[in-house]
Structure formats: structure tokens, C-alpha cells
1. How many of the residues in region 14-44 are in contact (Cβ under 8 Å) with a residue 24 or more places away in the chain and of a type in the set (Val, Ile, Thr)?
2. Has region 2-17 got at least one residue that is in contact with a helix residue (DSSP H, G or I) (Cβ under 6 Å, 6 or more places away or on another chain), closer than 24 Å to Ala73 by Cβ and surrounded by fewer than 17 Cβ atoms within 10 Å (Cβ to Cβ)?
3. Does region 67-87 include one or more residues that are of a type in the set (Asp, Glu), at pLDDT below 95 and out of contact with any His (no Cβ under 8 Å at 6 or more places or on another chain)?
4. For residues that are in a helix (DSSP H, G or I) and of a type in the set (Ser, Thr, Tyr), scanning just region 1-19, find the one that is nearest to Ala61 (Cα to Cα).
5. Just name the residue that is most open to solvent (accessible area, probe 1.4 Å) out of those in region 31-51 that are under 11 Å from Pro66 (Cα atoms) and part of a helix (DSSP H, G or I).
6. With the checklist (1) in a helix (DSSP H, G or I); (2) over 13 Å from the mean Cα position of the chain (by Cα) in hand, flag the one item Ser26 doesn't pass.
Amino acid sequence: MPHLYRVFRSMTGFSIKEYIRLRRLSVAAETLLSSKVKIIDLALRLRYDSPETFLRAFRKAYGQTPSAFRKSAQEAALGTALPGLKRVHLRCV
């Protein structure tokens with residue numbers, strides 16, 4: 001298994017654990033922008049242990065709470081980039 005971890009890190013720049021964490025937060029941000037799902041439901045859907053855990057992880061990644069993120073997105077003009085939105089992509093070799 002350690003070989004898989006090394007190969008994954010060399011291809012993506014992330015450990016598998018980091019990638020999964022960032023990907024879950026990316027999905028959360030996109031969902032907050034595209035739907036009216038309750039934040040507690042989103043936290044549970046993305047398999048966080050509690051809404052508080054989700055809130056802390058989201059705030060650490062995006063610098064604001066999920067509700068503030070959603071509100072700022074609603075106030076932003078359509079077609080403009082939102083500050084703080086991070087997307088995680090795999091680099092193809």
C-alpha cells in the first residue's frame with residue numbers, strides 16, 4: 001500500500017487523505033452555491049461526524065462559515081468568480 005500513496009502524491013501533490021478532505025469541501029462549496037440544501041443535511045450527506053466538524057473544516061478551507069459563503073454567493077453578480085472557492089483536480093500524467 002505505501003507504493004500507492006507515493007504514486008498518488010507524486011501525481012496529485014496531495015496525500016490520499018488530504019485529497020479526500022479537500023474534495024469533500026469542494027463538493028460542499030459547489031452544493032452550497034447550486035442548491036438550497038440545509039447545511040446540517042449537507043454535513044451529514046458528506047459524512048462529517050457532526051455539523052460542528054463540518055463548520056470548522058469549511059471555515060478553515062474557505063475563511064468563512066458555509067452560511068456566509070452561501071450568502072456572499074447570492075449577493076455576488078452572476079458569472080463572477082467567488083473569492084475562496086478552491087477546486088481540487090487530479091493532474092494527469
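The values are calculated or read from the model by the stated rules, or taken from the named source; none is laboratory data. Bear in mind that the values here come from a model prediction, so they are computed numbers and not experimental data. So basically every Cβ, Gly included, is an ideal-geometry build from the backbone, and we count neighbours across all protein chains shown. Accessible surface is based on the protein model in full, side chains and every heavy atom, while ligands, DNA and RNA are left aside. Shrake-Rupley method; radii C 1.70, N 1.55, O 1.52, S 1.80 Å.
1. 1
2. no
3. Within region 67-87, one or more residues are of a type in the set (Asp, Glu), at pLDDT below 95 and out of contact with any His (no Cβ under 8 Å at 6 or more places or on another chain).
4. Looking at the filtered set, the residue picked out is Tyr19.
5. Ile40
6. Only one criterion is unmet by Ser26, namely (2).
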